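Report on the following structure.
The values are calculated or read from the model by the stated rules, or taken from the named source; none is laboratory data. Treat the numbers as computed from the prediction; the structure is a model and nothing was measured. Counting neighbours? That spans all protein chains shown, and the Cβs are built from the backbone with ideal geometry, glycine included. Just the protein is used for accessible areas: all its heavy atoms, side chains included, with ligands, DNA and RNA removed. Shrake-Rupley method; radii C 1.70, N 1.55, O 1.52, S 1.80 Å.
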Amino acid sequence: MGVGINLGNTLDAPVEGAWAPAAQEWLFDAYAAKGFTTIRVPVCWNKHTSTQAPYAIDGAWMARVQTVVGWALSRNMITVLNSHHDTWLDTPTNFTANLPRFQSIWGQVAETFSNHSSNLVFEIFNEPHLMTVDNLNTMNAQVLPIIRKTNPSRVVFFGGLQYMNPTWITSNPTAMALPSDPWVAVEIHNYDPYTYAGPNPTMKSWGTPADVATLQAWVNATQTWASASNISIYYGEFGTTSAQSAATGRLSWYKEHVHAAQAAGFAISVWDDDGMFAILNRTTKIWNEDVLEAMGLSPPPSPPPGPPAPPSPPPSCPGGSLKACIALCPATPQPVCKCPISCFDARSSCRNTNCARSSATSYLAVRLGSARCLGGVSFSYPSRSRFRQTMIASTSASSGAEPVQSDAFRSRPCHA
């Protein structure tokens, strides 16, 4: 599942848009572009479900959830769909009376999404904390078979009490009943120490060796329990509020949590809610790049530059003859043409120029009466006629080893 992110405060709000901007498709492109491979989609079903049997879910709401889930699945993201903030079930007093409604909700959700990609994962209930252990085990035992009727091999997440905190699991290693089902995994959440990571923090720094050791201790204990239970772990929520900063250890908190969880083999999803825990500002579309970097995420590399544009070919040699080319050189202060011996700008110098030594490719910058380069040697010449006669003769006589020299030329090293 890799590294994931939560679409928090969105479909789990009393009304979509009340706590954060409504979900839009661009979000999923933004998530993918930053390297997120999992998206957790919290959904509150309560206000969209009848309170009378058979407890029908509003069709428009179900279609909206399908749309948002579809945006994630179409980008090949692992997508976790759950029941979130449905606190009406999380009460020992009314648990038994309310359970049939919850069962109906999951029956409708499971049937609606039964033909969706196996990348879709169901999470039965987010952060139970008031119900009893018996309530928890009854809920899981009643809902899982309903899901299995239409989704026999879909991954389903269970969660423990105390808001899915892993220390509850490791302190009560046999309390949560786990079925003999290879497609069941366990989800944990952690914002410890809550006095640091939660709202209105009283703890003003994090990152000492003791802090890291405490983190590593619960991760190790959870990993040991999971191994003994033969079950996988999904670290579905973690984060710190913006009340903390780099100076108080916020980036270290993210970095160490991601590192420890990944080293233990846990899949992870950071909590992002466009609020106190925001990593992406959904209005400005600006990421907190420091947090992303701390989590080991970075933008995709820029594409490599394309090949350089080929140089423009010189104009054709008038008449295709060396004689015509040379005739133009004295009067034309720019590259003239590609001839057996090319004429170059009279203003060009030999410096940094690798003058070829073939009569067919030698570079000759000429302006009669001045010194120019031929084959790495500069020549000065007394007259136009003797120069032309010598060069035309050398075109046919030279075999390409060294440029043909004439006693009409006085040679010297070419430096100018």
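Provide a single number: the residues in the stretch 79-118 that are part of a loop (DSSP other than H, G, I, E, B) and open to solvent by 40 Å² or more (accessible area, probe 1.4 Å).
As a first pass, look at the stretch 79-118 and keep what is part of a loop (DSSP other than H, G, I, E, B): 83-86, 90-94, 113-118.
In the following step, the residues that additionally are open to solvent by 40 Å² or more (accessible area, probe 1.4 Å) were identified as 85, 92-94, 115-118.
Residues flagged as part of a loop (DSSP other than H, G, I, E, B) and open to solvent by 40 Å² or more (accessible area, probe 1.4 Å) within the stretch 79-118 amount to 8.
Given the conditions (1) out of contact with any strand residue (DSSP E or B) (no Cβ under 8 Å at 6 or more places or on another chain); (2) open to solvent by 30 Å² or more (accessible area, probe 1.4 Å), report the number of the one that Ala20 does not fulfil.
(2)
Do the conditions hold for Pro173, that is, is it touching a residue at least 40 places away in the same chain (Cβ under 8 Å), buried (at least 21 other Cβ atoms within 10 Å of the Cβ) and farther than 20 Å from Asn98 by Cα? Lay out the reasoning, then the answer.
Details: touching a residue at least 40 places away in the same chain (Cβ under 8 Å): yes; buried (at least 21 other Cβ atoms within 10 Å of the Cβ): no; farther than 20 Å from Asn98 by Cα: yes.
Taking the combined requirement at face value, the residue does not satisfy it.
Restricting to the stretch 25-52, and then to whatever is open to solvent by 30 Å² or more (accessible area, probe 1.4 Å), in contact (Cβ under 8 Å) with a residue 40 or more places away in the chain and not in a helix (DSSP H, G or I), can you tell me which residue is farthest from Asn9 (Cα to Cα)? Walk me through it before giving the result.
Start the filter on the stretch 25-52 by keeping residues that are open to solvent by 30 Å² or more (accessible area, probe 1.4 Å), which leaves 25-26, 29, 32-33, 35, 37, 46-48, 50-52.
Keeping just the survivors that are in contact (Cβ under 8 Å) with a residue 40 or more places away in the chain gives 25-26, 29, 32-33, 35, 37, 46, 51.
Then keep just the ones that are not in a helix (DSSP H, G or I); that gives 25, 35, 37, 51.
Numbers: Glu25: 16, Gly35: 22, Thr37: 20, Thr51: 24 Å.
Looking at residues that are open to solvent by 30 Å² or more (accessible area, probe 1.4 Å), in contact (Cβ under 8 Å) with a residue 40 or more places away in the chain and not in a helix (DSSP H, G or I), I get Thr51.
Any chance the stretch 55-62 includes a residue that's acidic (Asp, Glu), part of a loop (DSSP other than H, G, I, E, B), in contact with a His (Cβ under 8 Å, 6 or more places away or on another chain) and on the phi < 0 side of the Ramachandran plot?
Step one: filter the stretch 55-62 for residues acidic (Asp, Glu), giving 58.
Narrowing further to those that are part of a loop (DSSP other than H, G, I, E, B): 58.
From what is left, the residues that are in contact with a His (Cβ under 8 Å, 6 or more places away or on another chain) are 58.
Checking the rest, the ones that are also on the phi < 0 side of the Ramachandran plot come to 58.
The answer is yes, given that some residue of the stretch 55-62 is acidic (Asp, Glu), part of a loop (DSSP other than H, G, I, E, B), in contact with a His (Cβ under 8 Å, 6 or more places away or on another chain) and on the phi < 0 side of the Ramachandran plot.
Applying the selection to the stretch 236-292, what residues are among the hydrophobic types (A, V, I, L, M, F, W, C), touching a helix residue (DSSP H, G or I) at 6+ places or on another chain (Cβ under 6 Å), open to solvent by less than 10 Å² (accessible area, probe 1.4 Å) and in a helix (DSSP H, G or I)?
At the first step, the residues of the stretch 236-292 found to be among the hydrophobic types (A, V, I, L, M, F, W, C) are 238, 243, 246-247, 251, 253, 258, 260-261, 263-264, 266-268, 270-271, 276-280, 286-287, 291-292.
Subsequent filtering for residues that are touching a helix residue (DSSP H, G or I) at 6+ places or on another chain (Cβ under 6 Å) retains 238, 251, 260, 264, 268, 279, 291.
Among the residues that remain, those that are also open to solvent by less than 10 Å² (accessible area, probe 1.4 Å) are: 238, 260, 268, 279, 291.
Within the stretch 236-292, Ala260, Val291 meet the criteria.
Does any residue in the stretch 73-99 that is touching a residue at least 60 places away in the same chain (Cβ under 8 Å) come within less than 8 Å, Cβ to Cβ, of a residue that is surrounded by fewer than 14 Cβ atoms within 10 Å (Cβ to Cβ) and assigned to a loop (DSSP other than H, G, I, E, B) six or more places away or on a different chain, and which pairs are these?
Ile78/Gly2
Taking Trp218 as the residue in question, decide whether it is aromatic (Phe, Trp, Tyr), surrounded by fewer than 20 Cβ atoms within 10 Å (Cβ to Cβ) and within 21 Å of Val3 (Cβ to Cβ). Can you show your working first?
Details: aromatic (Phe, Trp, Tyr): yes; surrounded by fewer than 20 Cβ atoms within 10 Å (Cβ to Cβ): yes; within 21 Å of Val3 (Cβ to Cβ): yes.
So Trp218 passes the test.
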